[in-house]
1. Which GluC sites (Glu not before Pro) does the range B:122-202 hold that lie in a coil by DSSP with at most 13 other beta carbons within 10 Å?
2. Calculate what fraction, in whole %, of the accessible area of the range A:301-425 sits on carbon and sulfur atoms when a 1.4 Å probe is rolled over the protein chains.
3. Please report, in whole Å, how far the alpha carbons of the range A:64-278 spread along each principal axis, starting with the longest.
4. Provide the net charge surrounding B:F234, with neighbours chosen by a C-beta distance below 11 Å and charges set as Lys +1, Arg +1, Asp -1, Glu -1.
5. With θ set to phi - 60°, apply the Karplus curve 6.51 cos²θ - 1.76 cosθ + 1.60 along the range A:268-285 and write out the HN-Hα couplings as whole Hz, x wherever there is a Gly or Pro.
6. What trypsin sites (Lys or Arg not before Pro) does the range A:120-227 have in DSSP loop regions with at most 12 other beta carbons within 10 Å?
7. Per q in 0.14, 0.22, 0.23 Å⁻¹, report the Debye log10 I(q)/I(0) for the range B:67-134, using one uniform scatterer on each alpha carbon and no solvent.
8. Between A:I286 and A:T207, what's the calculated FRET efficiency when r is the beta-carbon distance and R0 is 41 Å? Round to 0.05.
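The values are calculated or read from the model by the stated rules, or taken from the named source; none is laboratory data. All of these numbers come straight from a predicted model, not from anything done at the bench. Heads up, the Cβs are rebuilt from the backbone with ideal geometry, glycines too, and the neighbour counts pull from every protein chain shown. Ligands, DNA and RNA are excluded from the accessible area calculation, which covers all protein heavy atoms including side chains. Shrake-Rupley method; radii C 1.70, N 1.55, O 1.52, S 1.80 Å.
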Amino acid sequence: MAIVVVKDKCRGCKLCIKACPFDAIIMEDKLAFITEKCTACGQCIEACPFEAIINTQEIKEVDLSDYKNIWVFAEQRKGKLMNVALELIGEGYRLAREISEDTKVCAVLVGQDIEHLVNECYAYGADQVYLIQDELLRNYTTDGYTKVITDAVKTYKPEIVVYGATHIGRDLAPRVAARLNTGLTADCTRLDVDINSYIKYAAENTTLDVSTLDPKDTSKGLKQTRPAFGGNLMATIICPRTRPQMSTVRPGVMQKKEYNPEACGELIEITPAIGEKDIRTEILEIVKSTKEIVSLTDAKIICSGGRGLGEACGFDLIKEFADKVGGVVGASRAAVDSGWIDHANQVGQTGTTVKPNIYFACGISGAIQHLAGMQTSDIIVAINKDPDAPIFEVADYGIVGDLYKVIPEIIGAWDQAEQLYDQSTK
Amino acid sequence: MGLRIIVCAKQVPDTNEIKINPKTGTLIREGVPSILNHDDANALEEALRIKDRYPDTHITVVTMGPPQAKDMLIECLAKGADEAVLASDRALGGSDTWATSNAIAAAIQKLGEYDIIFAGRQAIDGDTAQVGPQIAEKLGLPQVTYVQDFQLEEDLKTITVKRALEDGYEVIRLKTPCMLTTIKELNKPRYMHIAGIYQACAADIPTWNAADLNVDPDKEVGLDASPTNVFRSFTPLPKGKGQMIEGDCEKDIGQQLIIRLKSKHII
Ligand SMILES: Cc1cc2nc3c(=O)[nH]c(=O)nc-3n(C[C@H](O)[C@H](O)[C@H](O)COP(=O)(O)OP(=O)(O)OC[C@H]3O[C@@H](n4cnc5c(N)ncnc54)[C@H](O)[C@@H]3O)c2cc1C
């Protein structure tokens, strides 16, 4: 194990025990002792005022220069690109330019009869498209897609491969990573290659002491940031010794590039070596649910209800509210778990990440997992009975009150905004 | 007639119970209980349902973790699993998902033949959903993740499952041996029964170290072998507190809000 306590330096102050999120440090003979619960997250190293805790892991340098370019798994279903694929092409474009002028962002299209998606990938920023088609690849299968992507990676050696953290991306990426014996970071919400972008992000948004980072560090390794521990903690993960560096990225957090229909790029067609015996699962049917698709990620205004609604029909009021303001209905997990509304409406760590112009949180306490999915909204308005509810810590506007009394008044005043404002300035 | 089933389970802190100290930005961990990971409880439950139908079925629960993880294994035995093993060694500490899957795959191989491996989709402390598929890869098995419905044919070799998608599901057929990762929609886990608890506490749960598993701490397991490392970890900065809107009555408050949104050109 690589995190150790230097016995001569430890004064037994126990600050590391408080800092450890994994309960992995105990006192032994009045000194700190690191147990096997340790995950080497490094919190204790930063917490120790005496520099008594160190990471002994040696960095084994390996020649990684054979690997070049950023690949985006451009996930398509039934001949339609997933939104997250376009977001990732946009993000890949940004990262590629940060790595070097001649680093390319490449979309990897796997399927059958999907030539028409090539231009769409260029239009959203792809420099190259790898097109892998076969009848056996028409629908996603773990075996089929793992094989053709692993083979392509071995041939073309990309430096980075990113996938959308969808039910398909999260099925595929771990298989590919295990077959290539390389690292994979799940469900990332931020990616950096340039240390200065990372420092800027960390300084503005996190508690990280950025003086521990060297702004002159020229390494272009991928720094993959993701929530851990139910959103209580953020971790930045690196993959220093193996290539490609791989991540799945949460849908809805990266920025698409502006659509440019004139853009063009280079097409590389790959004939996959795939046979029927390679695929050990048989898809009997793909069923689309008939429920209304809620597009929380694109919504400009979201009206969310939580357990504070008290009963399922509370969502009637939320729906009325959303209709009035031209918004979409969201929910906390507690409301979903109570069976009041579908999981598709859930916002947060295990739901959708949203970034609307206005987020109305009604009867939502503001648990960390909920905040994880909405705190980057431009404006947050919280309505809650409890003046101490944590949601008020992140709200731009807080209202202490009964949502059943307050919301109808907001609905009533909405159309008179102009007059009310004029009156108030007189 | 029965099946040989392996269930991969993990003991996790109940992250629901964890709160952040808003002043210091650190986690408040005191009194946070350790529990059987939720998705893994569904994995075990599905195995137990097969055993209810085919009593000759043999269920082994495998975990990797600190010695305290035995408590979780006892819970699994008390629910009706036949056998449990713990992979535990300081040399396994700091393993990322790639290294963890090496250790668990080695433990499964040591156990011998099996028909189905069930694992929870993901653990609530890490939320990676990577270990199940990576074990399957190391063992060369077909997999289905996000299983929300499970049917076993009479031949005990053919399985039909529903795999949840964001906007529906797929119906997939495959043959044993295979790896299935489960989600909470699959079933409702049962409680322990009293007789089971007595028996389980007396059960002998072997602990296997890296040498027993025949894995190499320099190349296969533990922090040094893991391809990914934690570069930094930190807590997100809480967004600054905004203004509270007060008024004589709800009507006044509603109007005050609208006026502020309007004055800031938000609406
Ligand atoms: C691994 C994990 C992942 C999770 N992922 C998510 C996630 O993605 N999204 C998510 O939301 N949660 C998630 N959670 C759950 C989260 O921890 C909270 O339990 C949940 O967000 C609480 O929902 P709530 O705020 O609606 O309910 P509560 O915490 O019960 O809050 C209800 C609030 O309503 C207020 N209230 C009651 N009556 C009224 C009234 N008449 N008018 C006004 N206010 C009223 C109360 O004061 C209270 O603050 C996750 C948990 C775990 C462990």
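1. B:E153, B:E154
2. 46 percent
3. 54, 39, 33
4. Taking every other residue near B:F234 into account, the sum is -1.
5. Karplus values, whole Hz, x for Gly and Pro: 10, 9, 10, 8, x, 8, 9, x, 4, 5, 5, 9, 9, 10, 10, 8, 8, 6.
6. Loop-located and lightly packed - A:K216.
7. -0.49, -1.30, -1.40
8. Numbers: r = 44 Å, r/R0 = 1.08.
For A:I286 and A:T207, the calculated efficiency is 0.40.
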